[in-house]
Amino acid sequence: MAPLKLGMVGGGQGAFIGGVHRMASRLDGCFDLVAGAFSSDPTRAHASAAELGIAADRSYADFREMAKAEAARPDGIDAVSIVTPNHLHGPIAEAFLAHDISVICDKPMTATLAQAESLMSAAQASKGHFFLTHNYTGYPMIRQAKQMVAEGALGDIRFIEANYLQDWLSEAPDADNKQAKWRLDAAQAGGGAIGDIGTHAYNLACFVSGQHATALSAMLTSNVAGRKVDDDARVALRFSGGARAHIWASQVAIGHENDLTLAVYGSKGALRWAQENPNVLWFSELGKAPQMLTRGGASANSSASAVTRIPAGHPEGYLEAFATLYREAAEVIKSQGESRHTLGVEDGLDGVRFVDACQRSSRGQAFWVDLQ
């Protein structure tokens with residue numbers, strides 16, 4: 001089928017994640033980028049569009065103008081990708097959903113719980129689809145882990161350990177560091193490490209285990225003088241299926257670059273996965289030697305093989321995982337059906353509730369918050 005027509009809001013000159021989304025959307029030939037409002041600054045927005053080869057009449061200075069104009073065009077966009085700071089996700093998504101244009105939104109879904117609840121209502125009223133891009137759910141061995149848990153290879157899930165450790169904010173960043181500037185502004189980000197990377201760890205724990213948190217206790221701290229958002233988060237959780245979990249998310253853990261790890265322990269076995277070596281999954285059965293499962297060694301009908309593009313021994317990772325999410329979103333939009341792997345507005349609301357509950361718990365000296 002012909003590629004779907006994609007628009008983008010944000011991701012202009014100097015942005016990081018916009019380029020990632022553009023590459024991912026093209027990788028499987030599912031989308032063509034044809035329109036955009038790439039910056040809130042009109043000059044930068046139009047300059048970015050020109051650099052990307054976007055026609056002048058489809059370069060916009062305002063996302064609301066873009067949503068209205070694209071909805072009125074006979075060749076208007078099928079979906080919009082939102083790659084702005086978090087506080088803009090909700091208003092932008094609602095503007096396009098109001099015109100029944102599908103939305104592919106970077107995580108977290110919104111900066112506040114009120115925004116998330118408003119977006120939930122907008123998505124339910126729209127004919128457009130809403131997709132949330134927690135990209136790590138697209139890794140082949142994460143899909144393999146989810147399948148093994150669902151098939152009972154681990155038995156009853158007892159414990160989950162999800163850690164996401166970085167060190168890039170161990171000191172105050174330079175004033176011109178655009179990526180750090182908005183992430184350290186509570187009004188734009190909605191939270192520090194807990195919202196930026198803690199949501200990834202929580203999402204992976206839920207995605208692989210098939211469970212969701214029912215209660216949590218959190219301690220969020222800031223470790224650099226003058227910093228007004230958390231840069232280290234320790235969270236204990238109780239899950240719906242009876243599992244207990246712990247999440248450590250830190251951006252001041254010196255010696256760690258992008259160290260996202262997941263371990264799931266059951267009554268019969270355990271799984272361990274590390275994002276920095278993503279094509280390997282360790283499986284341990286009680287009383288047996290651990291097995292190293294590889295992406296290339298997955299069976300032809302496994303969840304891993306379904307999202308594998310290249311032969312064994314050739315690493316797949318970050319960009320390909322994003323591309324998997326774009327491909328699955330395109331399949332849903334084209335078929336008007338559903339996918340068991342795509343994340344939607346309910347998952348987004350769950351993630352924002354997690355952040356909100358962590359912040360409330362921490363303000364109360366790590367008291368337990370009921371999430372039911």
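Computed quantities for the displayed model
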{"read-out": "Residue list for the range 313-372, restricted to those being aromatic (F, W, Y) and not in a helix (DSSP H, G or I)", "value": "F367, W368"}
{"read-out": "Selected residue (only one of R272, R309, R295 is touching a Pro at 6+ places or on another chain (Cβ under 6 Å) and assigned by TED's automatic domain parsing to the domain that holds Q211)", "value": "R295"}
{"read-out": "The range 53-68, residues that are in a loop (DSSP other than H, G, I, E, B) and more than 27 Å from the chain's Cα centre (by Cα)", "value": "G53, A55"}
{"read-out": "Tally, over the range 60-91, of residues that are of a type in the set (D, E) and touching a residue at least 40 places away in the same chain (Cβ under 8 Å)", "value": "3"}
{"read-out": "Some residue of the range 38-59 being on the phi > 0 side of the Ramachandran plot and touching a residue at least 60 places away in the same chain (Cβ under 8 Å)", "value": "no"}
{"read-out": "For V345: the one exception among (1) in contact with a Lys or Arg (Cβ under 8 Å, 6 or more places away or on another chain); (2) touching a residue at least 60 places away in the same chain (Cβ under 8 Å)", "value": "(1)"}
{"read-out": "Answer residue from the range 69-114, given it is assigned to a helix (DSSP H, G or I) and in contact with a His (Cβ under 8 Å, 6 or more places away or on another chain) and is farthest from G14 (Cα to Cα) among those", "value": "A71"}
{"read-out": "Test: H256 is surrounded by 16 or more Cβ atoms within 10 Å (Cβ to Cβ), part of a helix (DSSP H, G or I) and not aliphatic (A, V, I, L, M)", "value": "no"}
{"read-out": "Close pairs (6 angstrom Cβ cut-off, 6 or more residues apart or separate chains): in the same structural domain as R158 (by TED's automatic domain parsing) in the range 251-263, aromatic (F, W, Y) and not in a loop (DSSP other than H, G, I, E, B) anywhere", "value": "L260/Y164; L262/W273"}
{"read-out": "Residue within the range 25-40 that is among the aromatic types (F, W, Y) and within 14 Å of K5 (Cα to Cα) present", "value": "yes"}
{"read-out": "Residue list for the range 147-189, restricted to those being aliphatic (A, V, I, L, M) and either touching a strand residue (DSSP E or B) at 6+ places or on another chain (Cβ under 7 Å) or at positive phi (or both)", "value": "M148, V149, A153, L154, I157, I160, A162, L165"}
{"read-out": "Cβ pairs under 6 Å, 6+ apart, first in the range 92-106 and at pLDDT 95 or above, second assigned to a helix (DSSP H, G or I) and of a type in the set (K, R)", "value": "A95/R64"}
{"read-out": "Residue in the range 291-304 that is in contact with a strand residue (DSSP E or B) (Cβ under 7 Å, 6 or more places away or on another chain) and either surrounded by 18 or more Cβ atoms within 10 Å (Cβ to Cβ) or hydrophobic (A, V, I, L, M, F, W, C) (or both) present", "value": "yes"}
{"read-out": "Condition met for Y164 (farther than 24 Å from A329 by Cα, of a type in the set (F, W, Y) and either outside the structural domain of S303 (by TED's automatic domain parsing) or in contact (Cβ under 8 Å) with a residue 40 or more places away in the chain (or both))", "value": "yes"}
{"read-out": "Scan of the range 264-281 for residues that are in a loop (DSSP other than H, G, I, E, B), among the basic types (K, R) and free of Cβ contacts under 8 Å to residues at least 60 places away in the same chain, ordered by number", "value": "none"}
{"read-out": "Test set (1) part of a strand (DSSP E or B); (2) crowded, with 23+ Cβ neighbours inside 10 Å - V34 fails condition number", "value": "(2)"}
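The values are calculated or read from the model by the stated rules, or taken from the named source; none is laboratory data. Bear in mind that the values here come from a model prediction, so they are computed numbers and not experimental data. Cβ coordinates were reconstructed from backbone atoms using ideal geometry, including for glycine residues, and neighbour counts include every protein chain displayed.
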